[in-house]
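Each remark here refers to the structure printed beneath this line.
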Amino acid sequence: MDKKVLDLLNQQINKELYSAYLYLDVANFYTSKGLDGFANWFEVQAKEEQDHAMLIYQYLHNNNQDVVLEAIGKPDQVYKELIDPLKAALVHEEYVTSLIHNIYGAAQSVNDFRTVQFLDWFVKEQGEEEKNSTDLITKMELFGSEAKGLYMLDAELKTRVYAAPSLVL
């Protein structure tokens, strides 16, 4: 595997684990506000991000590559309004999308078709992540300022359950 592609994949493991920390931090924020549904939604999101890291970890091992684990940064966001974490999550997902695209481009440039094919799932997943974030913001803008609407949205988000990804490595 090309060294640049390998380095980027190792860095992405760290970024995905940071994403999990970030979403746990968001869950903490919503728990402190009494919004258990929002907290649940982001706890599930954190588990998904951990899975993303583990998919890359396993892919590297399956291809006889060294995995290098670095320290995971501490989330430092400060949220004031209930919508702030939702907007921050969208910005973060757009950033992660740019990272995936960067790895994809690096793999393409060296004809690493196996890694390109592996990353196809992540490209699709990031589209879903951005749409989910956008949809949450839209719902919050529509219903979040009214107590009954916020209650119903929180109840809806409480129904989200964790489902492990079905990517074959």
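A few notes on this one:
- Charge dipole (Cα centre; +1 on Lys/Arg Cβ, -1 on Asp/Glu Cβ; no other charges) of the chain amounts to roughly 80 debye.
- Mean residue ellipticity at 222 nm, helices only, the chain: -26000 deg cm²/dmol; runs of at least 4 DSSP H residues each add -39,500 (n - 2.57), and the sum is divided by the number of residues.
- With at most 14 neighbouring Cβ atoms within 10 Å, loop GluC sites (Glu not before Pro) (DSSP) excluded, longest segment of the chain: 1-69
- Rounded to 10°, Cα long-axis angle of helix 36-62 versus longest principal axis of the chain: 0
- FRET E, pair S166, V78, Förster distance 35 Å, beta-carbon r, rounded to 0.05: 0.45
- 1.4 Å probe accessible area per residue over region 1-156, in Å²: 53
- Across region 3-158, Cα pairs under 8 Å and at least six residues apart give a relative contact order of 29 percent.
- Between T159 and E141, full extension at 0.36 nm per residue minus the direct alpha carbon distance yields a gain of 4.5 nm.
- Applied to region 109-125, the Karplus parametrisation 6.51 cos²θ - 1.76 cosθ + 1.60 on θ = phi - 60° returns per-residue 3J(HN,Hα) values of 5, 10, 6, 8, 5, 5, 5, 4, 4, 4, 6, 3, 4, 5, 4, 5, 4 Hz, with x for Gly and Pro.
- Accessible-area composition of the chain, carbon plus sulfur, in percent [1.4 Å probe]: 53
- Approximating the spin labels as points 7 Å out from Cα along Cα→Cβ, the N102-to-E128 distance works out to 2.5 nm.
- Computed from Cα atoms, the angle from the helix 147-157 axis to the main principal axis of the chain rounds to 30 degrees.
- Plainly put, the chain has a radius of gyration that is 1.02 times its Kirkwood radius, both from alpha-carbon atoms, as the Rg/Rh ratio.
- 24 Å Cα-Cα reach of K47 towards lysines, excluding residues that sit fewer than 8 places from it in its own chain: K15, K33, K74, K87, K124, K131, K139, K158
- Each label point was placed 7 Å from the Cα along the Cα-to-Cβ direction; for E70 and M54 their separation is 2.3 nm.
The values are calculated or read from the model by the stated rules, or taken from the named source; none is laboratory data. All values derive from a computational prediction rather than experimental measurement. Neighbour counts are summed over all protein chains in view; Cβ atoms, including those assigned to glycine, are modelled from backbone coordinates with ideal geometry. All accessible areas refer to the heavy atoms of the entire protein, side chains included, with ligands and DNA or RNA removed. Shrake-Rupley method; radii C 1.70, N 1.55, O 1.52, S 1.80 Å.
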